[in-house]
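First up is the structure itself, then whatever we jot down about it.
Bear in mind that the values in this text are calculations on the coordinates, not laboratory data. As the structure is a prediction and not an experimental result, all values here were calculated from the model. Cβ placement follows ideal geometry from the backbone for every residue including glycine, while neighbour counts extend to all protein chains displayed.
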Amino acid sequence: MKSLSKMLVIVVVLSVLLVSQAVFAQEDVINIGVLQLVEHASLDDAYRGFVDVLKDAGYEDGKNIKIDYQNAQADQSNLVTMSERFVKDKVDLILAIATPAAQAVAAATTDIPILITAVTDPVMARLAESMEKPGTNVSGTTDAGPIDKQLGLLKELFPEVKTLGILFNSSEVNSEVQAKQAEEIALELGWEVRFGTITSVNDIEQVANSMAGKVDAFYAPTDNTIASAMPNLAKVAEEKKIPVICGAPEMISAGGLATIGLDYYKLGRQTGEMAVRVLKGEAVPEEMPIESLTDTDLIVNLDFAKAIGYTFPQEILDKATKIIGE
Ligand code: TRP
């Protein structure tokens with residue numbers, strides 16, 4: 001009898017230990033859902049920066065965290081399904097990369113902490129009440145770029161420009177904001193402005209072609225549709241010998257002339273640092289100001305320049321952070 005109850009005690013103690021171990025093991029792993037709109041270099045870089053910082057802070061995928069990375073391939077219904085899956089799986093934190101991805105996850109949950117990156121204007125996109133104090137479960141980093149410096153560069157390279165053609169997809173709120181800002185700056189510089197709006201990658205050639213005789217230069221902001229259409233835009237621009245200034249460095253490698261833009265890897269790192277504070281319970285998105293990046297890089301593309309018969313002044317080449325096509 002005595003040994004039987006002893007056995008019972010041992011069995012009970014053992015099973016309690018086992019169960020609690022299992023519970024702990026589950027709680028130990030932090031689940032992070034990542035939703036990226038589409039594959040393009042800026043967004044890939046931001047994701048890489050985010051993961052690297054988490055790793056530096058001791059959060060390593062496959063060890064104490066589990067990252068569920070989803071790429072929506074620029075498809076709206078994918079964005080919705082993937083966001084809903086994260087909510088159903090009760091992930092602990094979500095990283096959303098680019099405006100449409102951020103809007104999809106924010107629509108799916110008002111509880112799970114969301115960090116965003118590469119989002120031009122979180123307030124206009126209705127993700128946050130203000131930059132200083134989001135007041136929602138969404139904080140992170142904006143990639144609003146130095147459009148004034150980008151158009152200033154155009155003026156420096158081509159002082160004779162009189163009419164600027166601004167290309168963008170009118171259904172991307174991030175682009176709408178930038179197009180408007182670019183227009184204001186262009187007018188201040190004494191230029192005339194024409195808009196070329198597209199709704200899909202397929203429109204770009206026709207729109208650029210129809211503007212070709214009427215504009216002296218093109219400006220393309222960080223528009224997710226134009227980013228995928230850069231080779232098509234470059235084809236027309238090179239043929240008609242029109243310079244293209246863009247909103248982000250990667251667009252230059254894909255067929256633009258030059259830009260002064262942000263380093264998306266750094267932006268992703270900054271977002272990762274915010275995530276670490278959330279994971280440690282030191283801060284909540286509601287109260288975390290949305291951050292931005294101030295240092296910029298000058299990127300020039302010699303191949304594109306050659307195709308339009310342009311030679312960069314030496315002092316620009318000396319200042320360039322990255323020269324494409326040497
Ligand atoms: N800023 C864009 C957004 O808010 C995303 C983006 C970042 C982007 N870098 C880019 C788009 C480069 C096109 C090209 O959605």
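Once the other residues with Cβ under 15 Å from the Cβ of ASN232 are scored (Lys, Arg +1; Asp, Glu -1), what is the net sum? Mind showing how you got there, number by number?
Details: positive: LYS235, LYS240; negative: ASP203, GLU205, ASP223, GLU238, GLU239.
Every neighbour counted, the sum reads -3.
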If amide hydrogens are placed 1.01 Å from N in the peptide plane, which non-local residues have theirs closer than 5 Å to the one on ILE116?
ALA96, SER139, GLY140, THR141
Spin-label point model (7 Å from Cα, Cβ direction): what's the THR321 to ASN202 distance in nm?
3.7 nm
In nm, to one decimal, how far is the VAL276 label point from the GLU132 one, both placed 7 Å along Cα→Cβ?
2.8 nm
For labels at SER5 and GLU291 in the simple 7 Å Cα→Cβ model, what's the distance in nm?
6.1 nm
Folded to 0 to 90 degrees: helix 2-28 orientation relative to the chain principal axis, Cα:
10 degrees
For the chain, longest principal axis from Cα atoms; helix 41-56 axis from its Cα atoms; angle between them, nearest 10 degrees, is 30 degrees
Beyond 16 Å, what share of the Cα-Cα pairs of the stretch 159-217 remains, rounded to the nearest whole percent?
44 percent
Which ³J(HN,Hα) values, rounded to whole Hz and listed in residue order, are derived for the stretch 261-268 from phi using the Karplus coefficients 6.51, -1.76 and 1.60 in 6.51 cos²θ - 1.76 cosθ + 1.60 with θ = phi - 60°, glycine and proline given as x?
x, 8, 9, 5, 5, 5, 4, x
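Hey, which of these cross-link pairs are over 32 Å Cα-Cα: LYS55/LYS306; LYS149/LYS280; LYS133/LYS155; LYS155/LYS266; LYS162/LYS235?
Details: LYS55/LYS306 42 Å; LYS149/LYS280 38 Å; LYS133/LYS155 36 Å; LYS155/LYS266 28 Å; LYS162/LYS235 22 Å.
LYS55/LYS306; LYS149/LYS280; LYS133/LYS155, as the Cα separations exceed 32 Å there.
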Compute the helix-to-body angle for 224-240: its Cα long axis versus the longest principal axis of the chain, expressed 0 to 90° and rounded to tens.
20 degrees
Could you give the distance between the Cα centres of the stretch 168-196 and the stretch 102-138, to the whole Å?
24 Å
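Taking N as the number of residues in the chain, what is its alpha-carbon radius of gyration divided by 2.2 N^0.38 Å?
Working: Rg = 24.1 Å, N = 326, 2.2 N^0.38 = 19.8 Å.
Output field value: 1.22.
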